[in-house]
Amino acid sequence: MMAVGKSAPFSHAENSVTRAMLLVMLALAPATLFNFWLFGWPAIFLFATTVAACVGVEALCLNLAGKEIGFYLRDGSAILTGWLLAMSLPPWAPWWTGVVGAIAAIAITKQAYGGVGQNLFNPAMVARVALLISFPLVMTTWVAPSPLFSANAPGFAQALTITFGGNLPDAMTSATTLGHVKTELTRGISVLESTANLTALSDMLFGLRAGSLGETSALLIVLGGAFLLIKRIISWHIPVAVIVGVVAPAALAHAIDPDRYAGPLFHLFSGATFLGAFFIATDYVTSPVSKPGKLIFGAGCGLLAWVIRTYAGYPEGMAFAVLLMNALTPIIDQYTRPRVFGRARDGKPLVFNGSIE
Amino acid sequence: MLTAVMILAGMGLLMGGLLGFASQRLAVEENPVEVEIQAMLPGSQCGQCGYVGCGQAAAALARGEATVTLCPPGGKALAEALAKKLGIEADLSDHEEKGPEYAFIRADLCYGCTRCIPECNVDAIIGATKQMHDVIAELCHGCAKCVEVCPTVAIEMRPVPTTVTSWHWPKPEPLAAAH
Amino acid sequence: MKIFDLPGGVHPAYRKEQSSELAIRPLPLPKRLYIPLQQHVGALSVPIVAVGDTVAKGQVLCVRQGSFSATQHAPTSGRIAAIESFVAPHASGLAQDTIVIESDGQDAWGELPAPIADPFSVDPAEIIERVAISGIVGLGGAIFPAAIKLNMGQQYKLDTLLINGAECEPYLTCDDRLMREYAAEVIDGARLMARALGARRIIVAVEENKPQAIASLKAAAQAHEEIRVTGVPIRYPVGYAQHLTKMVTGRETPAEHRNAEVGVVTHNVATARAVHQAVRFGRPLISRIVTVTGGAIRQAANLDVLIGTPVSDLVEFCGGFSETPKQLVLGGPMMGQPLPDLAVPIVKGSAGILAMSAAELVESRERPCIRCGSCVDVCPCGLSPMEMAAFIRKDKLDAADKIFVGDCIGCGSCSWVCPSYIPLVQYFNYANGVLGDQARQRRKNDRVKTLSEAHAVRAEQAEKARQAARAGKTAAAAPQSTNEVQA
């Protein structure tokens, strides 16, 4: 008997994991470049450090597991994880946040579970949350935008001391919009008042405000998301569900008590709503596969993010929300399997009761 | 503090009580596994396992005195099913899968002694005195008892051949993990 | 006509233009023909000719073994050169019993059954019997004996005969050409089959990318108001019988049941033409249209080929290969089988020979599943391929069975779309093969159990009888001995 050949099909959609990852990076590129300009050299240094650390940790883990390093690195997932992690860090955070984050994301969250495709939780978000809980001060020290080549912007050399020397100039710190509202609320100042003298909504849209790389420019993030939708890398289900999940309870609560609850637009353009909706919650590995499952998952992320922002101790809750929903993904998957052709939902064969003439 | 302690103690008591109640009420009288195992075995009483019949083999398995790989006709599939039923981990990786076999009578050696015919407990051997015997391959379950009684060593066990209709795709190679 | 929606489906590159405008040409008579005994699903056919016999074209070579089997006929006149084991046109590359005919070059017809003069007034059973003795099987690829399907009217209440001209498999154009060039024969065959089935209406469904075929069929069907010719949306795999049925009638065939359960029987267009030839001219199924195409073939063609012709003859007729083919396929690229050898014969189920060039065959190393869910989205059966494959990889076939791996139709959409290039369909074919073996083994075990119990009872009775006989003998002997003592 001769050797058995390859099984059909002999045709392919010609897509690939690497292509999907590259397209996601391409979608993130405009927002990332804009933020490089906005926050200058320290942001670029931190970004480079984080991505390099993720790739390095991935290579190390693959080596330990006895896997082919080059082949697995080429899927681009480690770079993307590093990229997303960098986008959720304070832009002027010291270099070691990127390295510690990379270890948490790649070694603990991804490779310990068996590598790409096997992890239960979103690696970048685990890293962000781990850093936030372990180093709350560093992780909540934000700077006001100081665009490259502007008067206040740190030069290349000064930037090196900011990222690698930990010399953050005190005068530069600022609060994120969500953080500001939360702080003011604890001081007894109503949301209406605190948002009134805050960044204008148009500035939030374009990103001229404090925050992480991924939090600021809402417009460019949405454009990137639209690109992914057009390229069919993601479907509309999770982003729409996340946005509705945030906006709907915000609108309701705001209508009831505007002094206590911020409005839907504020929630929409603050924090990581769009980054979360288009880039974080849509992570293939940690989100459900079926369309109804995606809707449930997305709505859960949005709702939990709003709940955490509104009631919990942390100003931003998207990372926590995504992780909580990640934990539910297997069970959502199990209960939202599609109906099998010719079978009822319970798996029993259909009974035909149409009329045959 | 006191409330917490009391709540915890109360919960402990309640759950302990529930567990105790469950163990009393839902207790299984006897081990039904033996019956289930017997239903899983081929039931051809071929005796290749060393026990008299499938019933005795099932009892030995249920008592844990026999290994799950005892039944050659059942093969690896049965061994796996038995291991699952008995809730034990069986390392079948080096268990050599012989594959199903059937008895084949060589025409040049058989002289029609009929000694094999009563040995076959599914009556798969046809033939008469001083006439060449033949095996109905579809009925033969590969117990090989006929092989032992043949005075001229005319019966041999042959693997059931794979045909175009019985062939199926092999399991895809696992993703190469090593270099 | 209302078209109902279907879940899933994909849009592979169809690449039909390479051969779709090429008229059907007959292939010159081959020197030797190889007729496997098994070209159909069901029991092996039994040869009634011997080596050295002279046979006429159309003469019966093998008869059916039971009714679920198919007759084989001599595709040309000649001499039986051998009945031997010969490599099968099958992915396994295994050999199977094959009748080898040496052509005498005359191609002379033997005596054929008389045409059924007025098939619309005879007993439908007569049409069915004619189809059975003509060796007709489903030519769309299912190779199911057509007579069995035409008999469904006995068991089921039927109202629709669905003639399948979808040809959604990429590259293949044999049905397209057949519909364009022999539309009248297809329509006549369809009417004959509807008569046999007792079906009231006929729907002919063709994928919309074949407008000329639709036009030809519409023209041929104009005089018959019970026939509706309809285009169906282009989406692989609409040509699957159950899915096409759902699309044109809205009726969803219950799982584990036949299409006839919903009052519909489907037949391929080429099968309809074969029925026409059998009933109107008494001609058995001895040839079929085959598409030879692909980037590595010098000149693509749609050929009328005698059953049993070696594939190498077709390739040679098409000018050979323009480059070394990267992959040879029997059938289409989605559900076809790797061709084990160019010597294998064309059989009743061979719709195409595909010689794919290196540029056409997209290959990549397998990567781990990233749970993108594309396979779930495209599965036309609503299955969860990635989950089933994960179970099968860990040898949990029962778990895969519980989420209905057995309902997989093997269309390959999941493998086609998978960005990690996981051979999903192979996992399912493997699992269904093993599960099938296990089911067969269970059935055999049950039979062995019954037989051995009966054997044990009989042995016991025989033993009792022997004991009784011995006891009788002793009893009879005992007084004798006392007598002797007394004497």
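The values are calculated or read from the model by the stated rules, or taken from the named source; none is laboratory data. No experiment lies behind these values; they were computed from the predicted model shown. Note that we place each Cβ from the backbone using ideal geometry, even for glycine, and neighbour counts take in every protein chain shown.
Where residues in region C:429-468 are at pLDDT 90 or above and facing chain B (nearest Cβ under 9 Å), which of them is surrounded by the most Cβ atoms within 10 Å (Cβ to Cβ)?
Out of the qualifying residues, it is C:ALA431.
From the list C:SER420, C:SER374, C:SER415, pick out the single residue that is in contact with a Cys (Cβ under 7 Å, 6 or more places away or on another chain) and within 12 Å of chain B (Cβ to nearest Cβ).
On inspection, the qualifying residue turns out to be C:SER420.
Of everything in region A:1-59, what is small (Gly, Ala, Ser) and within 30 Å of C:GLY336 (Cβ to Cβ)? Give them in sequence order.
A:ALA3, A:GLY5, A:SER7, A:ALA8, A:SER11, A:ALA13, A:SER16, A:ALA20, listed by residue number.
With respect to A:LYS294, determine if the residue is crowded, with 17+ Cβ neighbours inside 10 Å, basic (Lys, Arg) and within 14 Å of chain C (Cβ to nearest Cβ).
When the stated conditions are applied, A:LYS294 passes them.
Check off (1) buried (at least 24 other Cβ atoms within 10 Å of the Cβ); (2) in contact with a Phe, Trp or Tyr (Cβ under 9 Å, 6 or more places away or on another chain) for C:LEU178 and give me the number that stays unchecked.
(2)
If we scan region B:136-156, do we find a residue that is of a type in the set (Gly, Ala, Ser) and under 22 Å from B:TYR51 (Cα atoms)?
yes
Are there any pairs, at least 6 apart or on different chains, whose C-beta atoms fall under 6 Å, with the first in region C:444-461 and closer than 9 Å to B:ASN121 by Cα and the second among the small types (Gly, Ala, Ser), and if so, which?
So the pair list comes out as C:VAL448/B:SER44; C:SER452/B:SER44.
Is there a residue in region C:91-112 that is without any contact (Cβ under 8 Å) to a residue 12 or more places away in the chain, of a type outside the set (Asp, Glu) and within 14 Å of chain A (Cβ to nearest Cβ)? Can you show your working first?
Here is the first cut: in region C:91-112, the residues without any contact (Cβ under 8 Å) to a residue 12 or more places away in the chain are C:94-95.
Next, from what is left, pick out any that are of a type outside the set (Asp, Glu): C:94-95.
Right, trim to within 14 Å of chain A (Cβ to nearest Cβ) and you get C:94-95.
The answer is yes, given that some residue of region C:91-112 is without any contact (Cβ under 8 Å) to a residue 12 or more places away in the chain, of a type outside the set (Asp, Glu) and within 14 Å of chain A (Cβ to nearest Cβ).
Rundown of residues vs (1) out of contact with any helix residue (DSSP H, G or I) (no Cβ under 6 Å at 6 or more places or on another chain); (2) closer than 24 Å to C:ALA270 by Cβ, yes/no style:
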| position | (1), (2) |
| --- | --- |
| C:ILE48 | yes, no |
| C:LYS57 | yes, yes |
| C:VAL63 | yes, yes |
| C:ALA74 | yes, yes |
| C:GLY93 | yes, no |
| C:GLU111 | yes, no |
| C:PRO115 | no, yes |
| C:ASP118 | yes, no |
| C:ALA146 | no, yes |
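Please go through region C:409-428 and pick out each residue that is crowded, with 22+ Cβ neighbours inside 10 Å and part of a loop (DSSP other than H, G, I, E, B).
Answer for region C:409-428, where residues must be crowded, with 22+ Cβ neighbours inside 10 Å and part of a loop (DSSP other than H, G, I, E, B): C:CYS411, C:GLY412, C:CYS418, C:PRO419, C:SER420, C:ILE422, C:PRO423.
Would you confirm, using the coordinates I've provided, whether C:VAL238 is at pLDDT below 95 and hydrophobic (A, V, I, L, M, F, W, C)?
Considered against the rule, which asks whether it is at pLDDT below 95 and hydrophobic (A, V, I, L, M, F, W, C), C:VAL238 comes out as yes.
Report, by residue number, each residue of region C:293-315 that is assigned to a helix (DSSP H, G or I) and within 17 Å of C:SER357 (Cα to Cα).
C:VAL315
Counting only residues that are among the polar types (S, T, N, Q) and at pLDDT 80 or above, give me the helices (runs of 4 or more DSSP H) lying completely in region B:24-89 with at least 1 of them.
Answer list for region B:24-89: B:33-40, B:54-63.
If I go through region C:411-437 residue by residue, how many of them are closer than 19 Å to A:VAL17 by Cβ and aromatic (Phe, Trp, Tyr)?
Counting residues in region C:411-437 that are closer than 19 Å to A:VAL17 by Cβ and aromatic (Phe, Trp, Tyr) gives 3.
Tell me, please, whether a residue that is surrounded by fewer than 19 Cβ atoms within 10 Å (Cβ to Cβ), within 14 Å of chain C (Cβ to nearest Cβ) and either of a type in the set (Phe, Trp, Tyr) or in contact (Cβ under 8 Å) with a residue 60 or more places away in the chain (or both) can be found in region B:136-154.
Yes, region B:136-154 has at least one match.
Specify which of the listed residues (C:LEU354, C:LEU306, C:LEU397, C:LEU328) is under 23 Å from C:SER20 (Cα atoms), more than 14 Å from chain A (Cβ to nearest Cβ), in contact (Cβ under 8 Å) with a residue 24 or more places away in the chain and crowded, with 17+ Cβ neighbours inside 10 Å.
After applying the criteria, what remains is C:LEU306.
Does C:ASP395 fit the bill of being modelled with pLDDT under 95 and part of a loop (DSSP other than H, G, I, E, B)?
Spelling it out, C:ASP395 is indeed modelled with pLDDT under 95 and part of a loop (DSSP other than H, G, I, E, B).
Please pick out the residue among B:ALA137, B:ALA128 that is touching a Ser or Thr at 6+ places or on another chain (Cβ under 9 Å), of a type in the set (A, V, I, L, M, F, W, C), outside any helix (DSSP H, G or I) and not assigned by TED's automatic domain parsing to the domain that holds B:PRO73.
Answer to the selection: B:ALA128.
Given the residues A:ILE356, A:ILE331, A:ILE256, which is the only one that is without any contact (Cβ under 8 Å) to a residue 60 or more places away in the chain and surrounded by 16 or more Cβ atoms within 10 Å (Cβ to Cβ)?
A:ILE356
Name the one entry in A:GLY117, A:GLY66, A:GLY82, A:GLY56 that is away from chain C (no Cβ under 14 Å), more than 25 Å from A:ALA144 (Cβ to Cβ) and not in a helix (DSSP H, G or I). Don't jump to the end; show me each part of the working.
Values: A:GLY117 fails: away from chain C (no Cβ under 14 Å); A:GLY82 fails: not in a helix (DSSP H, G or I); A:GLY56 fails: not in a helix (DSSP H, G or I).
Among A:GLY117, A:GLY66, A:GLY82, A:GLY56, only A:GLY66 is away from chain C (no Cβ under 14 Å), more than 25 Å from A:ALA144 (Cβ to Cβ) and not in a helix (DSSP H, G or I).
Can you pull out every residue in region A:6-46 that is within 14 Å of chain C (Cβ to nearest Cβ), under 21 Å from A:PHE274 (Cβ atoms) and touching a residue at least 60 places away in the same chain (Cβ under 8 Å)?
Scanning region A:6-46 gives A:ALA20, A:LEU23, A:VAL24.
If I ask for residues that are more than 7 Å from chain C (Cβ to nearest Cβ) and of a type in the set (Asp, Glu), which ones from region A:326-357 would you list?
Those that are more than 7 Å from chain C (Cβ to nearest Cβ) and of a type in the set (Asp, Glu): A:ASP333, A:ASP346.
Matching residues to (1) touching a helix residue (DSSP H, G or I) at 6+ places or on another chain (Cβ under 9 Å); (2) among the charged types (D, E, K, R); (3) in the same structural domain as C:ARG235 (by TED's automatic domain parsing):
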residue: C:LEU397; (1), (2), (3): yes, no, no
residue: C:ASP401; (1), (2), (3): yes, yes, no
residue: C:ILE409; (1), (2), (3): yes, no, no
residue: C:ASP437; (1), (2), (3): yes, yes, no
residue: C:LYS464; (1), (2), (3): no, yes, no
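Mind checking which residues of region C:1-54 are part of a loop (DSSP other than H, G, I, E, B), within 14 Å of another protein chain (Cβ to nearest Cβ) and of a type in the set (Val, Ile, Thr)?
Hit for region C:1-54 is C:VAL41, nothing else.
Condition test on C:ALA82, is it crowded, with 17+ Cβ neighbours inside 10 Å and more than 20 Å from C:ALA270 (Cα to Cα)?
Values: crowded, with 17+ Cβ neighbours inside 10 Å: no; more than 20 Å from C:ALA270 (Cα to Cα): yes.
Taking the combined requirement at face value, the residue does not satisfy it.
Within region B:155-179, how many residues turn out to be over 20 Å from C:ARG442 (Cα atoms) and away from chain C (no Cβ under 11 Å)?
Total satisfying the criteria: 6.
Go through (1) within 14 Å of chain C (Cβ to nearest Cβ); (2) within 30 Å of A:TRP92 (Cα to Cα); (3) in contact with a helix residue (DSSP H, G or I) (Cβ under 6 Å, 6 or more places away or on another chain) one by one and return the number of the condition A:THR49 breaks.
(1)
Out of (1) over 25 Å from C:ARG25 (Cβ atoms); (2) assigned to a helix (DSSP H, G or I); (3) β-branched (Val, Ile, Thr), the odd one out for C:VAL186 is which?
For C:VAL186, the exception is condition (1).
Can you confirm whether region C:112-119 contains a residue that is farther than 30 Å from C:VAL55 by Cβ and either in the same structural domain as C:ARG228 (by TED's automatic domain parsing) or assigned to a loop (DSSP other than H, G, I, E, B) (or both)? Outline the logic, then answer.
Our first condition is that a residue be farther than 30 Å from C:VAL55 by Cβ; within region C:112-119, this holds for C:118.
With either in the same structural domain as C:ARG228 (by TED's automatic domain parsing) or assigned to a loop (DSSP other than H, G, I, E, B) (or both) added as a condition, the list becomes C:118.
Scanning region C:112-119, I find at least one residue that is farther than 30 Å from C:VAL55 by Cβ and either in the same structural domain as C:ARG228 (by TED's automatic domain parsing) or assigned to a loop (DSSP other than H, G, I, E, B) (or both), so the answer is yes.
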